[in-house]
């Protein structure tokens, strides 16, 4: 199988997209994270907090908690919020953000969340500068999160989003979560933060 249909490209200076099956995905995504970290915090003085958003009650929405679960099993030197054991989701997001604000002085937040998109974009991992709006795909109004974000397009949007998230293949979500988690670990090291 050729990978010509699996694009990776910089859509702007603020966002990069790569399909999880691209054999260079880990290298490309970690390089981009490293660049963004250096751009935001050239001296490397801000504490990093990774906030993995989602719930394990819907397969499509467990991308964030799975990333947190993988990260928790590795030696890391950043704050981690959102795992399968202790998810960050719609009902506790505001509270968790208050905890982060109270616990860390001006943290650099890397947010991770699943999203829905067009059929041809399913499997794409996006990394970008700025905030994400968790829950937007299922019409929830939640506080924006992040200085840098990772989103993974886990399924198709447009109709009955809750049902779509419930019926997303775990294999895709798990593979995307693995790529994102290792991109975070490697990207932070490349930025000489680990």
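The values are calculated or read from the model by the stated rules, or taken from the named source; none is laboratory data. Remember, it's a predicted structure, so these values are computed and weren't measured experimentally. Positions of Cβ are backbone-derived with ideal geometry, glycine not excepted, and every protein chain shown enters the neighbour counts.
Figures for the structure shown
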quantity: Boolean, residue 173 is farther than 17 Å from residue 17 by Cβ, touching a strand residue (DSSP E or B) at 6+ places or on another chain (Cβ under 9 Å) and either at pLDDT 80 or above or assigned to a helix (DSSP H, G or I) (or both); calculated: yes
quantity: Some residue of the stretch 100-122 being in contact (Cβ under 8 Å) with a residue 40 or more places away in the chain, in a helix (DSSP H, G or I) and out of contact with any strand residue (DSSP E or B) (no Cβ under 6 Å at 6 or more places or on another chain); calculated: no
quantity: Selected residue (criterion: surrounded by the fewest Cβ atoms within 10 Å (Cβ to Cβ)) from residues of the stretch 15-33 that are in a loop (DSSP other than H, G, I, E, B) and touching a helix residue (DSSP H, G or I) at 6+ places or on another chain (Cβ under 9 Å); calculated: 21
quantity: The stretch 57-71, residues that are surrounded by 16 or more Cβ atoms within 10 Å (Cβ to Cβ) and either free of Cβ contacts under 8 Å to residues at least 12 places away in the same chain or under 15 Å from the mean Cα position of the chain (by Cα) (or both); calculated: 60, 61, 62, 63, 64, 65, 66, 67, 68, 69, 70, 71
